[in-house]
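All remarks here apply to the structure that follows.
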Amino acid sequence: MTQEVEPLPINATPLPWHQTELATLAEQYQRGMLAHALLLYGAPDTGKRRLAQALARLLLCANPQNGLPCGDCHPCELAAAGHNSDVCWQEPGTGSRVIKVEQVRAAVAFTQGTASFSPNKVVVFAPAQKLNLNAHNALLKSLEEPAPDTYLILVCDSLNAIPATIRSRCRMQPLPDPDKALALQWLQETTQDSALAESLLSLTDGRPLLAQALYSEDRVESYSAGRLALRALLARELTATDIWNGFSDEDSDAFLQMLASELRLRIKGLPAQALASTEGRALFKLLDETLRIRRAVAAGSNPAAQMLVDQMLSKSHRELGQARRGDTI
C-alpha cells in the first residue's frame, strides 16, 4: 500500500525528545551531507515515525527555515493536507503483516520519476522490520545507487531485525530513549494529571506513545493486569494455565513485547553474581527466544496467537522452574 505522509501541524515538529536529532539531520541536509539512505532506529513506541514524518516534510519544503519546513510554500501546503505526491510512504497493507516486494518495486519506480512540486522525492518504510525477504532484495540496488534528489528513510525498532546487507547501505541514526522529564510533560498534556502520567510511563517502561494509547483507548487496566500476570508467572506464583485466558486474544507482537519487557526487568533485578546462575541463564535464554520469535513475526511469520502464547507461557514457567530447582539464590 502506498500512502502519503499523514497530515501534521504546519511546523511539522517531531516529539520533544527528538528535537536534537532533527536539528542534526537538518544541519546535515543544509550542508549537503545528509545521507540519501537513512536508518532511524530506537525503542518501540517512542516516536520514530513522527521524526520520519518531520524529516520528510523538511526534505519536501522549497524554503526551509531554521531547520524546519517553512509552512508557506506549495509543497508544504500539500504535505500539511496529506496530498504531496513527492513522498511515498510504505507500510504493511490492510490485512498484511509485512511490506511486500510489490510495494518496494512501486517505491523504486517512484524514485525514477521527477519530483512534481518539491525539491526532493522521499520514500519512507515504516516499520522497516516489516520488509519481507524479497522486499529486502528488491531494495538493495536503490540503497546502493539512489536516484538523484531522492531520500530513502527506514524506520525500525531493532537493528537485529534488519539484514546486514540493508544496514551496510544506510547511514544509521540511533535514537535515544525519551528523556523522562520531557516524556512526562508531553504525556501530561493528554492525561491532565501528573501522577497518572508518571504511573503510565512507569507501566510502559518509558514508552510514552504506548502510554498515551493505553490511556486514550481505555486499556490501562487490561495492560496492567497482563503485566502483573506475567510477573507472577516468572516468579512462579502462577502457572501458564492460570493466566491463559488473559492472553488468548492478545495480539502476538504485543504479547511478545510485554513478555520481553518483563524478562528484561527480571534480569535487571538480579544481583550481578546471579547473572551467570541457572536462573540468570534461563532468563537470558527466554529473552533470546522471545526476541527471535518477534523477529520471525515481523518478517511475516503468522503463528496462531493462542498457540504462540501457550507455548511461550509454558516454556517460561518450565525453564524458570528448572532454574529454581538448580539454584539457591
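Since every read-out is calculated from the coordinates, none of them should be taken as a lab result. The structure presented is a predicted model; accordingly, all values stated were derived computationally and were not measured. FYI the Cβ positions are ideal-geometry reconstructions off the backbone, even for glycines, and counts take in every protein chain you see.
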The residue that is surrounded by the fewest Cβ atoms within 10 Å (Cβ to Cβ), considering only those in region 152-174 that are free of Cβ contacts under 8 Å to residues at least 60 places away in the same chain and assigned to a loop (DSSP other than H, G, I, E, B), is Ser168
Filter result (touching a helix residue (DSSP H, G or I) at 6+ places or on another chain (Cβ under 7 Å) and among the acidic types (Asp, Glu)) within region 56-90: Asp86
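For region 26-142, which strands (runs of 3 or more DSSP E) that fit wholly inside it have 3 or more residues that are in contact with a Lys or Arg (Cβ under 7 Å, 6 or more places away or on another chain) and of a type outside the set (S, T, N, Q)? Lay out the reasoning, then the answer.
Numbers: elements: 37-41, 87-90, 121-125.
It comes to 37-41.
Could you tell me which of the residues Glu77, Glu91 is acidic (Asp, Glu) and within 16 Å of Ala128 (Cβ to Cβ)? Spell out the reasoning first.
Details: Glu77 fails: within 16 Å of Ala128 (Cβ to Cβ).
Of the residues listed, the single one that is acidic (Asp, Glu) and within 16 Å of Ala128 (Cβ to Cβ) is Glu91.
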